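Each reported figure results from applying straightforward, stated rules to the coordinates on display, with no laboratory input. For clarity, every value in this text was computed on a predicted model and none was experimentally measured. Here Cβ is always computed from backbone atoms with ideal geometry, including for glycine, and neighbour counts include all displayed protein chains.
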Amino acid sequence: MNWHVYIILCSDETLYTGITTDVERRMREHASGRGAKYFRGREPKELLYLESGHDRSTASKRELSIKGMKRAEKHLLITSRNRPE
């Protein structure tokens, strides 16, 4: 199965990082409040980054790696590659 790592810009200007096998479904879940608890009190504004080609294990490791980055490092990652269409 193809897993994706993604970064979403939230309504409060924070960046949320997650993993999924279906990006469109996951975005709908976040927007409707059925996604991560992180989206209680904030809404997803824009998908900023998408990285594909992972299995569950590598996606989880990559997610943790990105979550450990400083905000400036995340912005460099976002602007450097894999900007979704």
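For this structure, a couple of remarks:
- Partner lysines whose Cα lies under 23 Å from the Cα of residue 45, excluding those fewer than 8 positions away in the same chain, are identified as 37, 67, 70, 74.
- Here is the list for the stretch 25-63: trypsin sites (Lys or Arg not before Pro) lying in DSSP coil, each with at most 15 other C-beta atoms within 10 angstrom of its C-beta, are 34, 40, 42.
- Radius 9 Å from Cβ of residue 15, net charge of other residues (Lys, Arg +1; Asp, Glu -1): +1
- Option label - log10 I(q)/I(0) by the Debye sum over Cα atoms at q = 0.25 Å⁻¹ computed here, alternatives (i) -1.39; (ii) -1.25; (iii) -1.11: (i)
- At most 16 other Cβ within 10 Å, DSSP loop - chymotrypsin sites (Phe, Trp or Tyr not before Pro), the stretch 1-62: none
- Each stretch of four or more DSSP H residues adds -39500 (n - 2.57); spread over every residue of the chain, this sum gives -11500 deg cm²/dmol at 222 nm.
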